[in-house]
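Structure first, then comments.
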Amino acid sequence: QVQLVESGGGLVQPGGSLRLSCAASGSIFSIKAMAWYRQAPGKQRELVAGITSGGSTNYADSVKGRSTISRDYAQNTVFLQMNSLKPEDTAVYYCNANLRSDWAAGYFEVWGQGTLVTVSS
């Protein structure tokens, strides 16, 4: 069994910064990619940023230039540094990992429980 536990959400003023963390634990053989998604009230879940095992990254246009995704490969942890936050960044942020638990097993996705980010004055 694999778990993703997010932390770092909270209330921040417009223009402020937050750093989200997500730690994967359990039966993990390898992680192909990790990503952050978000879901605002009344909207669909959307990809914010992703990072592969090789370090390639991709970002949603809405956060490009304001956010940085990074990984601690040894700790199976992914981070999302968000700067210049805007009210429209308010959402529940979810961590996602594409991984396998055994060398012979296939890859599957795991989701965290989500952490709320509120950008408001």
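One table, with the values for the structure above:
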read-out	value
The stretch 29-121, accessible surface, carbon-and-sulfur percent (1.4 angstrom probe)	49
From phi via Karplus (6.51, -1.76, 1.60), per-residue ³J(HN,Hα) for the stretch 3-18 in Hz, x at Gly/Pro	10, 10, 10, 8, 7, x, x, x, 9, 9, 7, x, x, x, 10, 9
For the chain: accessible area per residue (Å², 1.4 Å)	52
Long-range amide H partners of Val48 with built H, under 5 Å	Trp36, Tyr37, Arg38
Residue-by-residue Karplus 3J(HN,Hα) for the stretch 48-60, coefficients 6.51, -1.76, 1.60, Hz, glycine and proline x	9, 6, x, 9, 8, 5, x, x, 6, 10, 9, 9, 5
Length-normalised contact order for the stretch 9-121 - Cα pairs under 8 Å, 6+ apart - percent	38
Cut-off of 10 Å, at most 14 other beta carbons, DSSP loop: longest stretch of the chain lacking such trypsin sites (Lys or Arg not before Pro)	65-121
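The values are calculated or read from the model by the stated rules, or taken from the named source; none is laboratory data. Keep in mind the model is a prediction, meaning the values are calculated, not measured. Counting neighbours? That spans all protein chains shown, and the Cβs are built from the backbone with ideal geometry, glycine included. SASA here: full protein model, heavy atoms, side chains in, ligands and nucleic acids out. Shrake-Rupley method; radii C 1.70, N 1.55, O 1.52, S 1.80 Å.
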